[in-house]
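J.: Once you've had a glance at the structure underneath, I'll fire off some questions.
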Amino acid sequence: MTQIFIVDDHFMVIEGICSLLRTESGIECMGHAMDGASCMAFLEENQPDIILMDINLPDTSGIDLCKIVKKQYPGIAILALSTYSQMPVVRNMLANGASGYLLKNVSKEEILDAIAIVRTGGEYLCMEVAEALKLPQNTEPLITRREKEVLLLICDGFTNPEIAEKLFVSLPTINTHRKSLLSKLKAKNVAALVKIAMQNGIV
């Protein structure tokens, strides 16, 4: 029996994965954690075979959490399961001990293939990530979930006041996020920001 533990801060994602795996013989979902601290608390008493781990967590990054888990529990295989396809993120996750990397748009069959391969000590990259690793890499930094939400609205043509209203935050906060995005993506203006974001698959 392959025992799976899920670390993700979206309950719908957790429920979706558990639902996919529930009917599979030989696989058991042991439980889930929605942040790094809860994950480490669970591991003090339980030892899953594989952790499906998101990159963006409320109290830490999956990249850092992966390193901590592998140091303390080297026998646990970690499969990253994320929306982030930027190669610096993928490379850092693998460098910190992950046995594979899946994007959240993969099929059930691909998740099962990945679980089977890493369970026996192998490594697995979903096709999109494997292909991207062969290409020249950019060095764009990881943007936060909130920054991505702002970026998506910018790309849809909303103004700063409109974005602030939609996200229920103050206008100065949105201004700060916009400045951060311009800096991180090295864009001189909003038009360049949108173009760079689309070219790098961020939106």
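The values are calculated or read from the model by the stated rules, or taken from the named source; none is laboratory data. Bear in mind that the values here come from a model prediction, so they are computed numbers and not experimental data. Note: ideal-geometry Cβ built from the backbone for every residue, glycine included; neighbour counts use all protein chains shown. Heads up: the accessible areas ignore ligands, DNA and RNA and are worked out on the full protein's heavy atoms, side chains in. Shrake-Rupley method; radii C 1.70, N 1.55, O 1.52, S 1.80 Å.
J.: Taking interchain pairs and intrachain pairs at least six residues apart, which have beta carbon atoms under 8 angstrom, with the first residue in segment 34-50 and without any contact (Cβ under 8 Å) to a residue 40 or more places away in the chain and closer than 19 Å to SER82 by Cα and the second open to solvent by less than 50 Å² (accessible area, probe 1.4 Å) and of a type in the set (Asp, Glu)?
T.: MET34/ASP8; MET34/ASP9; ASP35/ASP9
J.: What's the total number of residues in segment 146-203 that are under 21 Å from ALA132 (Cβ atoms), open to solvent by 60 Å² or more (accessible area, probe 1.4 Å) and assigned to a loop (DSSP other than H, G, I, E, B)?
T.: 2
J.: Then there's this: Given the criterion under 19 Å from LEU102 (Cβ atoms), part of a strand (DSSP E or B) and either of a type outside the set (S, T, N, Q) or modelled with pLDDT under 95 (or both), identify the matching residue among LEU52, LEU20.
T.: Within the list LEU52, LEU20, the selection yields LEU52.
J.: Out of curiosity, is SER25 outside any loop (DSSP other than H, G, I, E, B) and either open to solvent by 50 Å² or more (accessible area, probe 1.4 Å) or within 18 Å of ILE76 (Cβ to Cβ) (or both)?
T.: Here the answer is no, as SER25 does not meet what is asked.
J.: Of the residues in segment 72-90, how many are open to solvent by less than 30 Å² (accessible area, probe 1.4 Å) and assigned to a helix (DSSP H, G or I)?
T.: Total meeting the criteria: 3.
J.: Please count how many residues of segment 91-128 are crowded, with 16+ Cβ neighbours inside 10 Å, free of Cβ contacts under 8 Å to residues at least 40 places away in the same chain and assigned to a helix (DSSP H, G or I).
T.: Total meeting the criteria: 6.
J.: Which condition number in (1) assigned to a helix (DSSP H, G or I); (2) touching a residue at least 40 places away in the same chain (Cβ under 8 Å); (3) more than 22 Å from GLU15 (Cβ to Cβ) is the one that LEU65 fails?
T.: Of the numbered conditions (1) assigned to a helix (DSSP H, G or I); (2) touching a residue at least 40 places away in the same chain (Cβ under 8 Å); (3) more than 22 Å from GLU15 (Cβ to Cβ), the odd one out for LEU65 is (3).
J.: If you check ILE143, ILE111, ILE174, which single one turns out to be among the aliphatic types (A, V, I, L, M), out of contact with any Gly (no Cβ under 9 Å at 6 or more places or on another chain), modelled with pLDDT under 90 and under 28 Å from VAL13 (Cα atoms)?
T.: Sole residue among the options that is among the aliphatic types (A, V, I, L, M), out of contact with any Gly (no Cβ under 9 Å at 6 or more places or on another chain), modelled with pLDDT under 90 and under 28 Å from VAL13 (Cα atoms): ILE143.
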